[in-house]
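This report concerns only the one structure given below.
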Amino acid sequence: MFGSLLETGLGTGLRGVGLGVAVVAVVFLILGLVALLRCRKEYIPVIVSAMASWWGRAVDHGSPVPAYEQLAGLLRERIAAGDWPSAPLPAVEQLKQEYDVERDTVLRAVAMLRAEGLVYTVPRRGLYVTRKPAP
């Protein structure tokens, strides 16, 4: 069962790892989701941030690529995956906590996405994904 999960790419960070690591990863995911459902509201960003960094969806502060470019890439991936189809993107403070970056880093990443036409700002409402025109 777990072998087929690895073959289908349970997560890009799990390709080429042994079965034991895959089992640990699945257990970690399940425990994280249970904790997320049972915890206090203020702990959710911390848990999400820990899970994101473990699954490789975090900014690498030791990388030569600037943090804002990494964050823009991560947000671009989530937009492409349809994480925010009609809802606003998370607030700057939430993105800051989730990706363990500073406020300026989030603002620069959002500015990149806005310049690319992927997102737009509605004053006092938030940041939204630009709808693609129907074919």
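The values are calculated or read from the model by the stated rules, or taken from the named source; none is laboratory data. Quantities reported herein were computed from a predicted structural model and do not represent experimental measurements. As a convention, Cβ positions derive from the backbone with ideal geometry for all residues, glycine included, and neighbour counts pool all protein chains shown.
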Quick one: is residue 106 assigned to a helix (DSSP H, G or I), of a type in the set (Val, Ile, Thr) and touching a strand residue (DSSP E or B) at 6+ places or on another chain (Cβ under 7 Å)?
no
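Taking the range 56-77 as the search range and keeping residues that are among the small types (Gly, Ala, Ser) and buried (at least 20 other Cβ atoms within 10 Å of the Cβ), which one is nearest to the chain's Cα centre (by Cα)?
Our first condition is that a residue be among the small types (Gly, Ala, Ser); within the range 56-77, this holds for 56, 58, 62-63, 67, 72-73.
Imposing the further condition that a residue be buried (at least 20 other Cβ atoms within 10 Å of the Cβ) reduces the set to 67, 72.
On the way: 67: 14, 72: 10 Å.
Ranking the qualifying residues of the range 56-77, first place goes to 72.
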Using beta carbons and a limit of 9 Å, which pairs, at least six apart or on different chains, have the first residue in the range 95-122 and not assigned by TED's automatic domain parsing to the domain that holds residue 67 and the second one surrounded by fewer than 20 Cβ atoms within 10 Å (Cβ to Cβ) and modelled with pLDDT under 95?
none
Could you list, in sequence order, all residues of the range 93-121 that are buried (at least 16 other Cβ atoms within 10 Å of the Cβ) and among the hydrophobic types (A, V, I, L, M, F, W, C)?
95, 101, 106, 109, 110, 112, 113, 118, 119
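Test residue 24 against the criterion of being part of a helix (DSSP H, G or I), of a type in the set (Val, Ile, Thr) and modelled with pLDDT under 75, and give yes or no. Explain how you work it out, then say what you get.
Working: part of a helix (DSSP H, G or I): yes; of a type in the set (Val, Ile, Thr): yes; modelled with pLDDT under 75: yes.
The answer is yes for residue 24.
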